[in-house]
Amino acid sequence: MKAKVRKFVSRLSTPVLRRAASSYVAGPEIDDALRVALRIQRMGFTATIGFWNGDHDSPRLVADAYLQSLAAMPGRNLDNLCIKLPALQYSYELLEEVLCVAKRLNVRVHFDSLGLETVDRTLSVLDRALLTYTNLGITFPASWKRSLKDIDWAIERKLPIRIVKGQWPDSSSVNSDQDFASAIRRLAGRVARVNVATHNAELARQSLECLHAAGTRGNMDLLYGLPVRRSLVVAKHFAAPVRFYIPFGHAWLPYCFSQARKNPRILLWMLKDSLFSNGIASMGAKEMLSSPK
């Protein structure tokens, strides 16, 4: 059955995919991300922007995109920039260019996660950066066995932590939901705040409930590019602040569509969410965040 669904989705034309994603994909340019961020802010949410680089983008091009993002933030109530250190080829010189401007603008620089092989070098560079810069954050994929120790590492350094399931699980991962719950329990009661990044509404509910019981505040982090209706209902139930991560860049559109083709549920999910809410914009207008029954 799954094979048949995938075959059906693979035959969908690109215009159909684009229509399904039109309410969610910001666009290829920084101005597209800024436009979406303004719309999200008008609904009472906060936003993080980040350049989604392509495989062949040079480290210099990526650094310039980060600097362009920072230059656009003053006066727009934006205070978070998401970066991918491997895209800079771990260059501390390029990173420091970004961190120096971010420090001056009081913008938090959040280190995103990529493959398992990138972790050690990322933590090493981050350790060096912490000698000079303090407004930094990091993402850990719950599906990696090593992430529990990495969480301890980040707690020692008082870093804001964002937990995701992770796109590339390691060989030890058996159940992604259980892995996510383990990471949340590792943090509960040990830090003041945790950023819960999942579009699985039930998993989000369990995570926020666990954190709340331990006296830790849970924030909801959502990727602009996936449906959010149910997640927003959960966030409102727990009075959890919601932050949207808004990717921009020419590489983001192919990624978004490739994920829909790989996992047909994403496309069907997007279509259903779009039909009910007509995208995020109408969610705010119709106040669809009423508490669940």
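A few comments on the model shown:
- Neighbour-count ranking [beta-carbon atoms within 10 angstrom, fewest first] of T46, T198, T134: T134, T46, T198
- Given +1 at the Cβ of Lys and Arg, -1 at the Cβ of Asp and Glu and no other charges, the dipole of the stretch 29-249 around its Cα centre is 920 debye to the nearest 20.
- Packing-based exposure ordering (other Cβ within 10 Å, fewest first) of L130, L81, L226: L130, L226, L81
- P(r) tail for the stretch 29-249: Cα pairs beyond 21 Å make up 54% of the total.
- Note on Q41 and T134: the extension gain reaches 30.9 nm, defined as 0.36 nm multiplied by sequence separation minus the Cα-Cα distance.
- Taking all Cα pairs closer than 8 Å and separated by 6 or more residues, the relative contact order of the stretch 29-249 comes to 20 percent.
- Taking the centroid of alpha carbons for each part, the stretch 196-251 and the stretch 96-134 are 23 Å apart.
- Amide proton proximity set for T139, modelled H, under 5 Å, gap of 5+: F111, S113, R162
- If the segment from R60 to R157 were pulled out straight at 0.36 nm per residue, it would be longer than the present Cα-Cα gap by 32.0 nm.
- Computed over the stretch 191-236, the quotient of the alpha carbon radius of gyration and 2.2 N^0.38 Å is 1.08.
- Stretch gain in nm, segment E93-R76, where the contour uses 0.36 nm per residue and the Cα spacing is subtracted: 3.4 nm
- Label-point gap, in nm, between E117 and R190 - each point 7 angstrom along Cα→Cβ: 2.9
- Legend: residue pairs K149/K236; K145/K236; K158/K236, Cα-Cα distance threshold 29 Å; pairs beyond threshold, K149/K236; K145/K236.
A short reminder: the numbers here are calculations on the coordinates, not readings from a lab. Source: prediction; values computed, not measured. Using ideal geometry, Cβ is built from the backbone for each residue, glycine included, and neighbour counts are taken over all protein chains shown.
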